[in-house]
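Quick one: structure below, then a few questions.
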Number of protein chains: 2
Amino acid sequence: MIKEKTETLHTIPDNESVDFGELKNSLGFLVRIAQVKIFKEFYIAMADTKLKPGEFSTLWIVGLNPGYRQGTIARSLNIKPAHMTKLVDRLVRAGYIERVVPPNDRRSVRISLTIEGQEFVNDHRAQFINFHISERENLSDDEYKQFISLLKKFNNLGSAQ
Amino acid sequence: MIKEKTETLHTIPDNESVDFGELKNSLGFLVRIAQVKIFKEFYIAMADTKLKPGEFSTLWIVGLNPGYRQGTIARSLNIKPAHMTKLVDRLVRAGYIERVVPPNDRRSVRISLTIEGQEFVNDHRAQFINFHISERENLSDDEYKQFISLLKKFNNLGSAQ
DNA sequence: TAAACTTAGTTTACATGGAAACTATTTCCA
DNA sequence: TGGAAATAGTTTCCATGTAAACTAAGTTTA
């Protein structure tokens with residue numbers, strides 16, 4: 001039901017036209033909004049997996065780098081050690097990952113995918129790639145490439161990598 | 001739970017050269033890394049303010065839009081209502097913001113900066129703008145502009161706004 | 001006008017993620 | 001050799017942020 005807007009006696013405006021000033025050009029603000037948007041899309045696209053972005057990324061990376069130390073994986077994904085412990089706990093409980101303490105350095109923990117984990121990643125590879133495609137949304141192919149390239153440069157991740 | 005393998009694992013590499021596969025081109029991953037980096041820089045640049053990014057942004061926006069409803073400010077910054085309540089609580093306790101319940105709609109809460117809050121924002125305006133400049137780091141002026149422009153487009157925030 | 005509905009914000013209960021302290025192991029070096 | 005330092009991961013504790021339930025107020029409609 002659309003109401004005809006009869007202006008009431010608000011001396012102070014409160015439509016949604018908020019003035020952002022410099023904030024509208026703030027990299028931090030814009031990146032945060034983008035982050036929120038992408039995560040929301042991830043949760044829709046990957047809903048059936050019941051996984052969070054960090055968990056899926058971890059499975060992905062462990063699949064490509066089996067037997068690496070937990071801490072190495074954590075650093076590569078910018079996940080803090082304390083958090084990684086819990087995240088891996090969940091993935092172990094889910095049956096996707098196994099921990100092995102190697103005898104030559106019993107401080108460390110090496111992680112790899114279980115058979116189940118490998119199957120899981122295989123079965124969701126396409127879904128994950130498609131999610132990345134649908135992420136593009138408002139950008140043309142060229143703009144998307146440019147965007148990715150600038151992000152890498154900003155993050156000090158050479159486009160070579 | 002944790003297995004001890006006698007089989008040698010030292011054949012498995014564990015330098016920091018992790019293979020990212022498709023993840024290295026993942027918008028979500030790259031945006032998250034950028035976010036972490038920018039927040040870290042914010043906390044260094046704005047350390048003396050003792051404020052978090054969301055709190056500073058809120059002060060900034062309230063300064064530009066005094067007397068707007070708390071919910072309007074929350075929506076504009078993508079902050080959830082429940083969180084906004086606590087965030088504004090903190091800013092009220094700090095003496096920067098005041099709440100007013102207008103008689104014509106006593107459900108709503110209109111917020112504005114106190115004198116102290118106005119002074120605070122004035123005193124830190126330059127610092128905030130400079131932070132945005134230092135954010136650029138690895139990007140040329142042109143690349144930075146392009147980056148901002150692509151972020152806006154991605155976020156559906158027309159460059160008009 | 002009264003009941004149903006909608007809107008605004010707060011409270012509650014919980015999950016996430018991080019810092020600091022801790023345990024266990026390995027390396028360094030006097 | 002043995003004590004100090006370094007390294008790897010875990011545990012504990014806390015702050016942050018969210019969903020869902022809730023309170024209060026305003027609007028619609030029969």
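Please report the buried accessible area for the interface of B with A, total over both chains, probe 1.4 Å, in Å² to the nearest 100.
Between B and A, the summed buried area is about 7500 Å².
Using a basic spin-label model with each label point 7 Å from the Cα along Cα→Cβ, how many nm lie between B:Ser17 and A:Asp105?
It is 1.7 nm.
In addition: Within 10 Å of each Cβ in peptide B:65-74, how many partner chain Cβ atoms are there on average? Round it to a whole number, please.
Mean partner shielding for this stretch: 3.
Students often get this wrong, so check it: of A:Lys86/B:Lys24; B:Lys24/B:Lys86; A:Lys86/A:Lys145, which have C-alpha atoms separated by over 31 Å?
B:Lys24/B:Lys86; A:Lys86/A:Lys145
Return the average number of partner chain Cβ atoms within 10 angstrom of each residue Cβ along peptide B:46-59.
Averaged over the peptide's residues, the number is 1.
Could you check the spin-label model distance between A:Leu64 and B:Glu137? Points 7 Å from the Cα along Cα→Cβ, value in nm.
Output for this residue pair reads 2.1 nm.
Kindly report the accessible area of the protein assembly as shown per residue (heavy atoms of protein chains, probe 1.4 Å, no ligands, DNA or RNA), in Å².
54 Å²
Using DSSP to define loop residues, name the trypsin sites (Lys or Arg not before Pro) in segment A:101-135 whose beta-carbon has at most 13 other beta-carbon atoms within 10 Å.
Answer in residue order: A:Arg106, A:Arg107.
Using Cα centres only, tell me the gap between segment A:75-113 and segment B:13-67 in whole Å.
Taking the Cα centre of each part, segment A:75-113 and segment B:13-67 sit 26 Å apart.
Okay, moving on. For segment B:101-161, which whole percent of the accessible surface, found with a 1.4 angstrom probe, sits on carbon and sulfur atoms?
48 percent
Got the A:Gly158 label distances to the other copies yet, label 7 Å along Cα→Cβ, in nm, shortest first?
4.3
Out of the DSSP beta bridges found with both residues in the protein assembly as shown, what percent are antiparallel (nearest 5)?
85 percent
Here's a follow-up. For chain A, what is the Kirkwood hydrodynamic radius in Å, using each pair of distinct C-alpha atoms?
Result for chain A stands at 19.2 Å.
Let me ask you something else. When the scattering of the protein assembly as shown is computed by the Debye formula from its Cα atoms alone, each counted once and equally, what is log10 I(q)/I(0) at q = 0.09, 0.12, 0.13 Å⁻¹?
-0.60, -0.95, -1.05
Follow-up question, since we're still on this one. Quick one: label points 7 angstrom along Cα→Cβ at A:Asn122, distances to the other copies in nm, smallest first?
Ordered by distance, the counterparts are at 6.8 nm.
What relative contact order, as a whole-number percentage, does chain B give when Cα pairs under 8 Å and 6 or more residues apart are counted?
Once divided by the residue count of chain B, the mean separation gives 18 percent.
Moving to a separate point now. List the distances, in nm to one decimal, from the label point of A:Glu143 to the label points of the same position in every other copy, shortest first, placing each label point 7 Å from Cα along the Cα-to-Cβ direction.
2.1
What are the semi-axes of the equivalent ellipsoid for segment B:51-137, taken as the square roots of 5 times the Cα gyration tensor eigenvalues, largest first, in whole Å?
In descending order, the three semi-axes are 24, 14, 11 Å.
Would you calculate the volume per residue, in Å³, of the smallest convex hull containing every Cα atom of segment A:71-113?
71 Å³
The values are calculated or read from the model by the stated rules, or taken from the named source; none is laboratory data. Computed from a prediction, not measured in an experiment: that's the story for all the values here. Note that each Cβ is placed from the backbone with ideal geometry, even for glycine, and that neighbours are counted across all protein chains shown. SASA here: full protein model, heavy atoms, side chains in, ligands and nucleic acids out. Shrake-Rupley method; radii C 1.70, N 1.55, O 1.52, S 1.80 Å.
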